[in-house]
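Here's the structure we're looking at; comments come further down.
Where a number appears in this text, it was derived from the coordinates with a stated rule and is not lab data. Keep in mind it's a predicted model, so treat the numbers as computed, not measured. Note that each Cβ is placed from the backbone with ideal geometry, even for glycine, and that neighbours are counted across all protein chains shown.
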Amino acid sequence: MDMLRVKNAGFRYQAENGEVEAFRNITFSVPQGQFLSIVGPSGCGKSTLLSLIAGLLPRTSGTVEIGGEEAKGISPHIGYMLQRDNLLEWRTIWDNVLFGLEIRRAISDETIKRTEELLRTYGLYEFRNKYPRQLSGGMRQRVALIRTLAAGPDILLLDEAFSALDFQTRLTVTDDVYRILKAEKVTMLMVTHDIPEAVAMGDAVLILSARPAYVKEIYPIVFDEDRSPLSCRSDPRFSQYFSHIWKELREDEEVK
Amino acid sequence: MKKSNNIPLSSERAVWLRQQKKRRISIKAWQWGLLIGLMVLWELAATLNWIDAFLVSQPSRIVGTLLNTSKNGLLTHIGVTLYETLTGFFLGVIFGLSISVLCWWSPFVSRVAEPYLVVLNSLPKIALGPVIILIAGAGTKAIIFMALAISLIVTVLEMLSGFHHTDAEIIKMAQTFGASRKQVLSTIVLPANLPTLFNSLKINIGLSLVGVIAGEFLVSKAGLGYLIVYGGQVFQMDLVMASVLILAAVAALMYQGVSFCQKLVSKRFGA
């Protein structure tokens, strides 16, 4: 079953110096539990696309279906991870992971139990009374992920979610997050400018054109069943995927 | 840094620690020494007639005046000034905070108010003195009003700038959970700006005192500002100097009070 279905989505907005068409006729779908990476030339509106799916921006045309139902406004089925962890420094880890539930007024015995479970599973339970600045960058990112998962999303949008981390932390955190998300059976959509990361995590890579963006290609990525983002980097197929996507992207950069 | 019990300090570390301690002591010694030295010099200069003690007073005469005035109601004067300052200060904080929240809430209101705030900020509020006295009457109310007028606009500008500089990505994070504007305000913008608030409070203490003293110069029957003006009029510079000294102590104490509150609040929020 397709968890997310985007049909003919388009977005235009008014700027000081005229109307800008960010993208047109975007159509794709993501099956339940799959991971779709989105890459595209810089400035093509990749992040705007995520904001649109999340309902943070009003789309000007087309439809977005989540779990078979058309989405209107900010959908409670969607979780969103931004570039930085955005933890609130004045709250403990526990109060940070409850933040989403608090905003949605969804704190109950059941959600508290689920959140505790998440913290336990991912090794953060002992740190629940600490403050964010007492944790390492990788741990903070995990806290941010648990904050998002605690709200029980069916679809997770990752907006360059690891780009603020240094390279080494990034590799381990990517592995971590991938494991967590696959275990929780969340459907994922990740925007990134990092092609290796897109290949390492994705079940498919969607390539966007330059602005106004359209879908150039949805490229399936196939590795062994038990792959991890780190292990598949040494698979011979990895570099094939990389060079294919790189070629597609460069074409667009050159036209520009 | 805590010393560890089982690992012996390296000799370099011991030397460094000793130097640090010496430096701290030396700074304190200089701070007190300078004060005492100046007082002694002042006293000496006055006694040896290098300076005219009638015009600039001298420490022993200030102490004498303080003891003398404390018999005839010095505490009342301090109390009056303190009351006016604190009332003006709290009113300034409450109104300033409310106006800045309103401006943050509605960008339209904020844009409309901008030129007014800028002009009012640069205007010397003391110039409004006669108007304030006419409206509020020649008394305590006018003085509190003056303190409020001086501290209000600065609070609004300071807080509003803090609100507008709240991390946009954190706000976006809250919005992805569907946070309303009210929730963004209470869970993010306000707590994120606690440091801004305390900075603004520290500035406001000084400003409220300026307002109160200026107000007391214009209209009053009691207060430290009144004592200063009175002392000046009857050529009793000892009284003027004594009042200024008390004023300095009051300002320092209030500043310490705000610092103390800041520490308490920071502890509560783990910062």
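Over chain A, with a Gaussian network built from C-alpha contacts below 10 Å, which listed residue (A:ASN129, A:ASN17, A:ASN25) shows the highest mean-square fluctuation?
Looking only at A:ASN129, A:ASN17, A:ASN25, the largest GNM fluctuation is found for A:ASN17.
Cα convex hull of segment A:78-123: mean projected area in nm², to one decimal?
That works out to 3.9 nm², a quarter of the Cα hull's surface.
How long are the three semi-axes of the equivalent ellipsoid of the protein assembly as shown, in whole Å, if each is the root of 5 times an eigenvalue of the C-alpha gyration tensor, listed from largest down?
Semi-axes, largest first: 63, 30, 20 Å.
What whole-number volume per residue, in cubic angstrom, does the convex hull of the C-alpha atoms of chain B give?
216
Tell me the net charge near B:PHE54. Cut-off is 12 Å between Cβ atoms, B:PHE54 excluded, with +1 for each Lys or Arg and -1 for each Asp or Glu. Mind dumping the intermediate values first?
On the way: positive: B:ARG61; negative: B:ASP52, B:ASP238.
Neighbourhood net charge equals -1.
Once amide H atoms are placed 1.01 Å from N in the peptide plane, what residues at a sequence separation of 5 or more from A:MET81, or on another chain, have their amide H within under 5 Å of its amide H?
For A:MET81, the qualifying residues are A:LEU157, A:LEU158, A:ASP159.
Taking the Cα of A:SER163, stepping 7 Å toward and past its beta carbon, and measuring to each backbone N in segment B:130-171: which are under 20 Å?
Under cut-off, by backbone N: B:167-171.
Hey, can you grab everything whose amide H is under 5 Å from the amide H of A:SER209? Only 5+ residues off in sequence or another chain; H modelled, so Pro and N-termini drop out.
For A:SER209, whose amide H was placed from the backbone, the distant partners under 5 Å are A:TYR214, A:LYS216.
Would you mind working out the magnitude of the charge dipole of chain A relative to its Cα centre, with +1 at each Lys and Arg C-beta and -1 at each Asp and Glu C-beta, to the nearest 20 Debye?
400
Dipole of the protein assembly as shown (Lys/Arg Cβ +1, Asp/Glu Cβ -1, origin at the Cα centre): which of B:TRP50, A:TYR214, B:VAL219 lies farthest to the positive side?
B:TRP50
Which one of B:LEU9, A:VAL186, B:THR65 has its Cα pushed farthest toward the positive end of the charge dipole of the protein assembly as shown, where Lys and Arg give +1 and Asp and Glu give -1 at the Cβ?
It is B:THR65.
In chain A, how does Rg compare with the Kirkwood Rh, expressed as the Rg/Rh ratio over alpha carbon atoms?
Computed over Cα atoms, the ratio is 0.97.
Report, to two decimal places, the Cα Rg of segment B:18-79 normalised by 2.2 N^0.38 Å (N = number of residues).
1.61
Calculate the length of the line joining the C-alpha centroid of segment A:188-256 to that of segment B:7-24, in whole Å.
The distance from the Cα centre of segment A:188-256 to that of segment B:7-24 comes to 57 Å.
With +1 on each Lys and Arg Cβ and -1 on each Asp and Glu Cβ, how big is the dipole of the protein assembly as shown about its Cα centre, in debye rounded to the nearest 20?
1840
Based on the Kirkwood radius over alpha-carbon pairs, what is the Stokes-Einstein translational diffusion coefficient of segment A:179-256 at 4 °C with 1.567 mPa s viscosity, in µm²/s?
96
Could you name the aspartates and glutamates in cross-link range of A:LYS72, using Cα to Cα under 20 Å and dropping any fewer than eight places away on the same chain?
List returned: A:ASP2, A:ASP154.
I'd like the mean, over residues of A:100-106, of how many other protein chain beta carbons sit within 10 Å of each residue's own Cβ.
Partner-chain Cβ atoms within 10 Å, mean over residues of A:100-106: 4.
Place a +1 charge on the Cβ of each Lys and Arg in segment B:11-51 and a -1 charge on the Cβ of each Asp and Glu, then give the dipole magnitude about the Cα centre in debye, rounded to the nearest 20.
Details: 7 positive and 2 negative charges, 94 e Å.
Dipole size: approximately 460 debye.
On C-alpha positions alone, give me the angle between the axis of helix A:137-150 and the longest principal axis of chain A, in degrees, nearest 10.
90
Could you give the Stokes-Einstein D for segment B:208-252 in µm² per second, using the C-alpha Kirkwood radius, 37 °C, 0.692 mPa s?
Diffusion coefficient, whole number: 317 µm²/s.
Where does the protein assembly as shown land at 222 nm, in deg cm²/dmol rounded to the nearest 500, when only DSSP H runs of n ≥ 4 count, each adding -39500 (n - 2.57), divided by all residues?
Estimated from H runs of four or more residues: -19000 deg cm²/dmol.
Just to confirm a number: summing +1 for Lys and Arg and -1 for Asp and Glu over residues other than A:LEU149 whose beta-carbon lies under 12 angstrom from that of A:LEU149, what do you get?
With Lys, Arg at +1 and Asp, Glu at -1, the net is +1.
Which aspartates and glutamates have a Cα less than 19 Å from the Cα of B:LYS263, not counting those fewer than 8 places away in the same chain?
Straight-distance partners of B:LYS263: A:GLU89.
So if I take the alpha carbon set of segment B:11-51, get Rg, then get Rh from the Kirkwood formula, what is the Rg over Rh ratio?
That ratio is 1.40, to two decimals.
What residue among A:GLN168, A:GLN14, A:GLN34 has the largest mean-square fluctuation in a Gaussian network model of chain A, using Cα springs under 10 Å?
It is A:GLN14.
Springs between alpha-carbon atoms under 10 Å, Gaussian network over chain B: tell me which of B:PHE177, B:PHE108, B:PHE145 tops the mean-square fluctuations.
B:PHE177
Give me the angle, in degrees from 0 to 90, between the Cα long axis of helix A:167-183 and the longest principal axis of the Cα atoms of chain A, rounded to the nearest 10.
80
Pick out the long, greasy-scoring helices in chain B: whole DSSP H runs spanning 20 Å or more along their own axis by Cα, mean Kyte-Doolittle at least 1.6. Intermediate values should be presented prior to the final figure.
Working: long enough: B:11-47 (52 Å, 0.00); B:74-105 (46 Å, 1.49); B:107-122 (22 Å, 0.71); B:140-164 (36 Å, 1.70); B:194-218 (35 Å, 1.30); B:237-268 (47 Å, 1.18).
In chain B, the long hydrophobic H runs are B:140-164.
What is the sum of charges around B:GLN183, taking Lys and Arg as +1, Asp and Glu as -1, for the other residues whose C-beta is under 11 Å from the C-beta of B:GLN183? Before the final figure, lay out each step's value.
On the way: positive: A:ARG104, A:ARG105, B:ARG181, B:LYS182; negative: A:GLU102.
Cβ neighbours under 11 Å give a net charge of +3.
Return the subset of A:LYS130/B:LYS182; B:LYS141/B:LYS182; A:LYS185/B:LYS172; B:LYS28/B:LYS267; A:LYS182/B:LYS267; B:LYS71/B:LYS125 for which the Cα-Cα distance in this structure is over 31 Å, preserving the input order. Let's see the in-between values first.
Values: A:LYS130/B:LYS182 27 Å; B:LYS141/B:LYS182 35 Å; A:LYS185/B:LYS172 25 Å; B:LYS28/B:LYS267 27 Å; A:LYS182/B:LYS267 39 Å; B:LYS71/B:LYS125 36 Å.
Listed pairs above 31 Å: B:LYS141/B:LYS182; A:LYS182/B:LYS267; B:LYS71/B:LYS125.
On a straight-distance basis, which lysines could pair with B:LYS21 in a cross-link, Cα separation under 24 angstrom, same-chain partners fewer than 8 positions away excluded?
Reachable lysines: B:LYS2, B:LYS3.
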